[in-house]
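Below: the structure, in structure tokens.
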Amino acid sequence: MTRRGLRQRAAALAFTAVLAGAACAAAACAGPAAAQNVRGVVLDEPVPIAPFALRDHAGAPFALEHLRGRWSLVFLGYTHCPDVCPFTLANLEAVRAELSQLMAPDALPQIVFLAVDPERDSPLLADYVAHFGIDFIGITGASDEIASLSASLDGFYRLEKDRLDDTAYLVAHTAAVAVVDPDGAVVAKISPPFAPFPTAAWLNRLIREGPAS
Amino acid sequence: MTVRIVVAAMAALGSFATIAAPAAAGALRIEGAYVPAPPPGAPAALYATLRNHGERPVTVVGAEVDGFADAMLHASVHADGVVRMSHAGAITVLPGKTSVLEPHGDHLMLMGPQRLLNTGATVSGRFTLEGGGTVPFEAVVVAPGGAAGGRGDAGS
């Protein structure tokens, strides 16, 4: 129910953002809700992420505390995804590169890939995330912990196995990237495909001035 | 009557498809094919523009790609914020039209990579047409994220 409520609220905000964008286009304003080519949605209030226990691509524990103290961009996907996941991760690297022109290195958001298909993802995850960005963090683990973090992100995924021994199954999943603030709360979402420069400008303003700006 | 008998005889001999196929295969052009370099061991996607220069619809039903165990036509479908892939059984290109395989849309999924694909490498393969016949293509391997570094802006 909570998820549905959040989704509906996000949908309403998206509509508001589109309207604001249209209104601001002529005035060339550049606030988060008005940025051109950014399908970003700022939630009306931050949604705290519940505690979770996963591991990163190097095998080290990765928990809620690792999403605190800095901004994070969290994307949910799987390594056997040939189209949307690689494209989104490459986009995120392009956004990170643009952001590095706008802010100090220690202020840059960390980019986190939540791999929801641990059976197939675990062996590939380290090489997979490094392929897109040397600093990218891949996380995965027990299915109930993945489900917990996914739910906190208002995410959705489903392994579409036809049978137990199916190894070529597909995975349906949320396409949006969650923007997590240094308190470990989701404050915004960005829907792909996103243009790197305006998305970086949008995030730069969001990070510097906060969701209320 | 005579024509009908001849056609029936050709179909019965299995030769009708082999006569029709070269015309369809010759009508389809594969333009700008590229493969974003995939991570090691992960599947890849091939994107291209399929252009039908002929006078009849051409239907692509599959492909074989060198260096991969399997290739399958897929479509990424977005609905209510969720993306899911589905097997696209066939892609029909109407006469004088194009069909574009592109990120977040129709694509050729390349599975079971048998070698590492680095940027600048070439991938060879053949699209298989309904009724028989194949159309060869060569795709260039580009940096992750797509061709020419500007793909990230293309969808907006």
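Laid out as a table, the results:
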| read-out | value |
| --- | --- |
| Solvent-accessible surface ranking, highest first, for B:E102, B:E138 at 1.4 angstrom | B:E138, B:E102 |
| Inter-site label distance for A:E65 and A:R208 at 7 Å from Cα along Cβ, in nm | 3.3 nm |
| Size of the A/B contact, given as accessible area buried on both chains, probe 1.4 Å, in Å² | 2400 Å² |
| Theoretical FRET efficiency, 1/(1+(r/R0)^6), r = Cβ-Cβ of A:M103 and B:T98, R0 45 Å, to 0.05 | 0.60 |
| B:N118 versus B:A90: modelled label distance in nm, points set 7 Å from Cα along the beta carbon direction | 4.2 nm |
| Spacing of the two label points (7 Å from each Cα toward its C-beta) at A:D44 and A:D135, in nm | 3.5 nm |
| Heavy-atom accessible surface of the range A:77-213: percent carbon and sulfur, 1.4 Å | 54 percent |
| Rounded FRET efficiency, nearest 0.05, which uses the C-beta distance separating A:A58 from B:R29 and R0 of 56 Å | 0.75 |
| Selection from A:S152, A:A200, A:A126, by position along the positive dipole direction of the range A:58-213 (Cβ) | A:A200 |
| Accessible-area order (highest first, 1.4 angstrom probe) of the listed residues B:I30, A:I134, A:I139 | A:I134, B:I30, A:I139 |
| Cβ charges +1 (Lys, Arg) and -1 (Asp, Glu), total dipole of the range A:90-213, debye | 420 debye |
| Drop in accessible area of at least 20 Å² in the complex versus isolated chain, residues of the range A:77-97, 1.4 Å probe | A:H80, A:P82, A:D83, A:V84, A:F87, A:A90 |
| Minimum 30 Å² accessible area buried by the other protein chains, the range B:25-71 residues, probe 1.4 Å, relative to alone | B:P39, B:P40, B:P43 |
| For the range B:74-89, residues shielded by at least 30 square angstrom of accessible area compared with the chain on its own, probe 1.4 Å | B:D80, B:G81, B:V82, B:V83, B:R84, B:M85 |
| Under the Karplus curve 6.51 cos²θ - 1.76 cosθ + 1.60, θ = phi - 60°, whole-Hz ³J(HN,Hα) for the range A:146-163, x wherever Gly or Pro sits | 4, 4, 5, 5, 4, 5, 4, 7, 6, x, 8, 8, 8, 6, 9, 7, 7, 7 |
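The values are calculated or read from the model by the stated rules, or taken from the named source; none is laboratory data. Given the structure is predicted, the values throughout are model-derived calculations rather than measurements. Cβ: placed from backbone, ideal geometry, glycine included. Neighbour counts: every protein chain shown. Protein only, heavy atoms only, side chains kept; ligands, DNA and RNA dropped before computing areas. Shrake-Rupley method; radii C 1.70, N 1.55, O 1.52, S 1.80 Å.
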